[in-house]
Amino acid sequence: MASKRVKRGFFVTLDGPEGCGKSTQAKALALWLRQKGLSVVLTRDPGGSPIAEEIRGLLLDPRHQELSPLAETLLYETSRASLVKKVILPALRKGKIVVCDRFSDATRVYQGIAGGVCECLIAEIDGEVCEGLKPDITFFLDVSSRRGSLRLRRRGRLDRMEGKPLSFHEAVRRGYRKVAREDSRRIRFIPDLPLAGVTEKIQQEMTRVLQRHFGPI
């Protein structure tokens, strides 16, 4: 099927606590959109560009436990700067839909709310890094900290962020709920449901949003 060209780009992010299933849902969403003939770029944060992928490896390597929340913030923002410049903005300028596994909200929650870094500082740096770019819609996928941890342990070896204490992950979950309440126009909060139920809710919401922006798809 030939790709349809939308009038302008559209930026979608998926986020949430560890083990919420966002990576699985990001892939499913990108596939669903492509099946509708839309031009889609699927990426992740941190990562997405050669430099950003190298930084991702550094951030998630369990050997680097000495990294402070502030150091994490600076590394995440450095990675994001490359992702925005090299991947996201060029795709949006071409009228593509960008689906991103995590974005700026994650830094605000993980390093700011849970990590203790000044949220004003994060907002200032992130605003410069993203050149004013914000997602058109964000899906926050919820999961209890214990349930998310169990899912990760079943999957295998934990990375540096996944291996943080349960108390940290509980603070992360509270942080996501706080951000969702404060920005309810952009953020769609998805409760912890079976896999198919989460997929269905995301697709239903995306159908409404895309029709409003681009007409029938």
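The values are calculated or read from the model by the stated rules, or taken from the named source; none is laboratory data. Keep in mind the model is a prediction, meaning the values are calculated, not measured. With ideal geometry, Cβ positions are generated from the backbone for all residues, glycine too; neighbour counts draw on all protein chains shown.
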Among the numbered criteria (1) out of contact with any Pro (no Cβ under 7 Å at 6 or more places or on another chain); (2) buried (at least 17 other Cβ atoms within 10 Å of the Cβ); (3) closer than 30 Å to residue 116 by Cβ; (4) among the β-branched types (Val, Ile, Thr), which one does residue 40 miss? (3)
Within the range 128-145, is even one residue part of a helix (DSSP H, G or I) and modelled with pLDDT under 95? yes
Go through the range 182-217 and report how many residues are of a type in the set (D, E, K, R), without any contact (Cβ under 8 Å) to a residue 12 or more places away in the chain and closer than 13 Å to residue 143 by Cβ. 0
Here the qualifying pairs (Cβ atoms under 6 Å; residues six or more apart or on different chains; first in the range 63-83 and among the charged types (D, E, K, R); second part of a helix (DSSP H, G or I)) come out as 72/111; 77/125; 77/129; 80/129
Residue under evaluation residue 34, criteria (1) touching a Ser or Thr at 6+ places or on another chain (Cβ under 9 Å); (2) surrounded by fewer than 24 Cβ atoms within 10 Å (Cβ to Cβ); (3) charged (D, E, K, R); (4) within 24 Å of residue 178 (Cα to Cα), criterion not met: (4)
Scanning the range 6-23 residue by residue, the ones that are under 12 Å from the mean Cα position of the chain (by Cα) and more than 20 Å from residue 210 (Cβ to Cβ) total 6
Going residue by residue through the range 103-119, is there one that turns out to be over 16 Å from residue 52 (Cβ atoms), surrounded by fewer than 22 Cβ atoms within 10 Å (Cβ to Cβ) and aromatic (Phe, Trp, Tyr)? no
Which residues, taken from the range 164-181, are hydrophobic (A, V, I, L, M, F, W, C), in contact (Cβ under 8 Å) with a residue 60 or more places away in the chain and touching a strand residue (DSSP E or B) at 6+ places or on another chain (Cβ under 8 Å)? 179
